[in-house]
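The values are calculated or read from the model by the stated rules, or taken from the named source; none is laboratory data. What you see is a predicted model, and the numbers here were worked out from it, not measured in a lab. Backbone-built Cβ (ideal geometry, glycine too); neighbour counts: all protein chains shown. Surface areas here come from the heavy atoms of the whole protein model, side chains and all, with no ligands, DNA or RNA. Shrake-Rupley method; radii C 1.70, N 1.55, O 1.52, S 1.80 Å.
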Amino acid sequence: MSKFLKKLLKGVLAEEDLEKVYSSFDMIGDIAIIKIPDSLLTKKNIIGEVILESIKNLKTVFLQRSSVSGEYRLRGLEVIAGNEKYVTYYREYGCKFLVNVATTYFSPRLSTERLRISNLVSPGEIVVNMFAGVGTFSVIMAKKHQIKVYNIDSNLDAYILSIMNSRINRLTDRIFSIHGDSQYVLSSNSFKNRIDRVLLPLPERAHEFVDVSINCLRPTGGRLHFFSHIKSDTKAGVVPTSEAHIHNLFSKYDFEIEHTQIVRDVAPRLYQTVTDLFISK
Ligand SMILES: C[S@@+](CC[C@H](N)C(=O)[O-])C[C@H]1O[C@@H](n2cnc3c(N)ncnc32)[C@H](O)[C@@H]1O
């Protein structure tokens, strides 16, 4: 993608400006979201128009004005080319998702991770997706396996879209969405000791949900997919640092780390990681 963007803008921007263009951008259905350094902001509309004209079926180019933040993990967007529209269909591994890029969190960069976790699931499992967003992890899993998945999200728009996405993919008999704070929802007795697998895809705050996620696992044990943000000067240091963080967080529990890997780079020297854990109770 990096070379693609520079190639598109060659001849439009001066060589020194081309050097400053950020390496990648997100394509979500017919919407593109790009970041532009401050020094190129005066050229944002030209950049947007070139992208719009060069990618078939693209309807909108947004400039990302602020980083992902807040409880709902949203980013500030400004339209720089095309129609001002925020809702689109996105396709992944044969599934179709309705996404609102302004009111809900969504990242196409997690697609490999969604597939990886869905390949670990066994038929018959009961799964909780604690920070489900529009339900992408859950749909990919439930499309592959005869399972039951509970989506939880505190963002009302994400909750509504997760229900719509279960319908669009004909999975309403396998996926059940709940609107609310996972801490509160999972404290109820209806989840206690019933769940085989819990996803915690909220790296900034997953550490606050360790006890409540373990509380709902079966007495015979169960699995967590725990996302973290890890600072490291070297890529080689990321997995050991992430596992040390897990040992620290889970020290009062009987657990085994089955796997840890980098999911993606988030910022210079900041990485998103995922750890698969088996918890014995
Ligand atoms: C990083 S997004 C995960 C999105 C999703 N897993 C995906 O792949 O698209 C985190 C989500 O957690 C939700 N969230 C944040 N705090 C929450 C809480 N305490 N309880 C439930 N959901 C929460 C946000 O609204 C957001 O949709």
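Quick look at the values:
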read-out: Inter-centroid distance (Cα atoms) of region 105-175 relative to region 2-17, Å; value: 38 Å
read-out: Protein accessible area in region 2-85, 1.4 Å probe - carbon and sulfur %; value: 50 percent
read-out: Under Karplus coefficients 6.51, -1.76 and 1.60, residue-wise ³J(HN,Hα) of region 233-250 in Hz, glycine/proline x; value: 6, 10, 5, 5, x, 5, 5, x, 5, 5, 5, 5, 4, 5, 4, 5, 5, 9
read-out: Solvent accessible area, Å² - Arg223, 1.4 Å probe, full protein context; value: 80 Å²
read-out: Cα gyration tensor, region 2-85 - rounded (a/c under 1.5), prolate or oblate; value: oblate
read-out: Accessible-area value, Val101, 1.4 Å probe, nucleic acids and ligands omitted, Å²; value: 10 Å²
read-out: Per residue value of the accessible surface for region 2-85 (all protein chains in place, 1.4 Å probe), Å²; value: 55 Å²
read-out: Neighbour cut-off at most 15 other Cβ (10 Å), DSSP loop, GluC sites (Glu not before Pro), region 170-273; value: Glu204
read-out: Formal net charge of residues neighbouring Ile175 (Cβ-Cβ distance under 12 Å; K, R +1; D, E -1); value: +4
read-out: Value at 222 nm in deg cm²/dmol, rounded to 500, when DSSP H runs of n ≥ 4 in the chain each add -39,500 (n - 2.57); value: -7500 deg cm²/dmol
read-out: Solvent accessible area, Å² - Phe191, 1.4 Å probe, full protein context; value: 10 Å²
read-out: Chain lengthening between Asp211 and Tyr93 when straightened (0.36 nm per residue, less Cα-Cα); value: 39.2 nm
read-out: Accessible carbon and sulfur surface of region 105-280 relative to its total accessible area, %, 1.4 Å; value: 50 percent
read-out: Flagged links, alpha-carbon separation over 19 Å, of Lys148/Lys252; Lys192/Lys281; Lys20/Lys235; Lys3/Lys35; Lys6/Lys235; Lys148/Lys281; value: Lys148/Lys252; Lys20/Lys235; Lys6/Lys235; Lys148/Lys281
read-out: Under Karplus coefficients 6.51, -1.76 and 1.60, residue-wise ³J(HN,Hα) of region 251-267 in Hz, glycine/proline x; value: 4, 8, 10, 8, 9, 10, 7, 8, 6, 9, 8, 6, 8, 5, 7, 9, 7
read-out: Extension reserve of the Arg116-Asn193 stretch, reckoned as 0.36 nm per residue once the Cα distance is removed; value: 25.2 nm
read-out: In region 1-110, the trypsin sites (Lys or Arg not before Pro) that fall in loop regions by DSSP, at most 13 other Cβ within 10 Å; value: Lys56, Arg65
